[in-house]
Amino acid sequence: MTRLDNKVAIITGASSGIGRAAALLFARQGAKVVLSARGRERLESVADEIRAAGGSVFAVAGDVSEEAHHEALVDAARTEFGGLDIAFNNAGTTGPVGALTALSMAEWQEVLGVNLTSGFLAAKYQLPAMEARGGGSLVFTSTFVGYTAGFPGLAAYAASKSGLVGLVQVLASEYGPKDIRVNALLPGATDTPMGREVANTPEALQFVAGLNAFKRIAAPEEIAEAALFLCSPAASFTTGTAMLVDGGVSINRV
C-alpha cells in the first residue's frame with residue numbers, strides 16, 4: 001500500500017523544479033494527478049513520464065493567476081478521476097529582484113497575482129470539491145523569505161508568499177471541522193530554475209548554500225518529500241502550520 005492510494009491530487013507549477021518532483025513522487029505513491037503549468041510542452045513531458053511508469057495523469061496548461069484555470073483544474077479532477085482529495089499549490093515567481101522603489105505597479109501586481117491571488121483562487125474551487133469528498137489536504141508553497149529572514153531585493157516575493165501563511169491559518173481554522181487540512185510549506189534554497197534566476201553565478205550559489213546549516217542547496221525531491229508528508233495521512237493531525245524545510249537557514253548564524 002502506497003501513501004496516496006486512491007487519492008486525486010492537483011499540483012501546480014508541475015513542469016519543473018519542486019512541482020515536477022512532487023508530480024512524479026505523488027504518482028509513484030498511488031495518486032491520480034492533475035498537473036498545471038504555463039508551458040504546455042514541458043508539462044506534457046512530465047505527464048508522459050508518469051504515464052510511462054504506469055501512473056494516472058491529466059495535464060491542463062494555464063496561468064494560475066487566472067480564475068478560469070483553477071475552475072478547469074477542479075473540473076478535470078472531478079471529470080477524469082471522480083473528485084479531489086489533495087492540492088499542492090506550488091506555482092510561484094520571484095518577480096524582479098531589486099529595490100522596492102524601482103518596482104512598477106504592474107510588476108508588483110503580477111507577483112502578487114501569481115503568488116498570493118492564485119492561492120485564493122485555488123482554495124475557492126478546491127475547498128468545495130474536497131468538502132464533497134468528506135475531507136482533504138491543501139498545501140501552499142511559501143518561503144522562509146519574509147517569514148524568518150529578510151532578503152534585500154525581494155519585497156514583492158516576500159510580501160506575497162508571507163500572505164499565504166495568513167491565508168493558511170484562516171482556512172485551517174475554518175475548514176478543520178470539515179476534516180480539511182491546510183498547511184504552508186516553506187522551502188529554503190532549492191536547485192530549481194526559479195532558484196537559479198536569483199543565485200545565477202557560482203559565487204551567489206556558494207553564498208546561498210552557506211546560509212544554511214548543511215552548507216548546500218536542496219534537491220527538488222527533498223522538498224517534494226516534505227509536501228508528500230503534509231498531503232498524506234501521516235500528517236492527519238497537522239493543520240495551520242508554516243513548515244520550514246530550509247536546511248536550518250532560519251536558525252543558522254555561522
Among residues belonging to segment 166-199 that are polar (S, T, N, Q) and closer than 24 Å to P96 by Cβ, point out the one that is surrounded by the fewest Cβ atoms within 10 Å (Cβ to Cβ).
T192
If you go through E71, E107, the only one that is surrounded by fewer than 17 Cβ atoms within 10 Å (Cβ to Cβ), acidic (D, E), over 23 Å from A22 (Cα atoms) and in contact with a helix residue (DSSP H, G or I) (Cβ under 8 Å, 6 or more places away or on another chain) is E107
Looking at segment 200-231, which of the residues that are without any contact (Cβ under 8 Å) to a residue 12 or more places away in the chain and of a type outside the set (S, T, N, Q) is surrounded by the most Cβ atoms within 10 Å (Cβ to Cβ)?
F229
Selection status of G95, surrounded by fewer than 19 Cβ atoms within 10 Å (Cβ to Cβ) and among the small types (G, A, S):
no
Search result, residues across segment 82-102 that are over 19 Å from A227 (Cβ atoms) and touching a Lys or Arg at 6+ places or on another chain (Cβ under 8 Å)
G83
Could you list, in sequence order, the residues of segment 91-123 that are hydrophobic (A, V, I, L, M, F, W, C), assigned to a helix (DSSP H, G or I) and within 24 Å of A9 (Cβ to Cβ)?
V114, L116, F120, L121, A122, A123
Reported set for segment 197-239 where residues are in a helix (DSSP H, G or I) and either touching a Leu at 6+ places or on another chain (Cβ under 8 Å) or among the β-branched types (V, I, T) (or both) is V198, V208, E221, I223, A224, E225, A226, A227, L228, L230, C231
Taking into account only those residues within segment 129-151 that are of a type outside the set (F, W, Y) and free of Cβ contacts under 8 Å to residues at least 24 places away in the same chain, which is nearest to G92 (Cα to Cα)?
V145
Mind listing whichever residues of segment 124-157 are on the phi < 0 side of the Ramachandran plot, touching a Gly at 6+ places or on another chain (Cβ under 7 Å) and assigned to a loop (DSSP other than H, G, I, E, B)?
F144
May I ask you to verify whether G62 is surrounded by fewer than 21 Cβ atoms within 10 Å (Cβ to Cβ), closer than 30 Å to R196 by Cβ and in contact with a Ser or Thr (Cβ under 8 Å, 6 or more places away or on another chain)?
yes
Any residue that is of a type in the set (S, T, N, Q) and surrounded by 15 or more Cβ atoms within 10 Å (Cβ to Cβ) - is there at least one of those in segment 15-25?
yes
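Any read-out appearing in this document is the output of simple, stated calculations on the displayed coordinates, not a laboratory observation. Since the model is a prediction, treat every value here as computed from it, not as a measurement. Every residue, glycine as well, gets a Cβ built from its backbone with ideal geometry; the counts of neighbours run over all protein chains shown.
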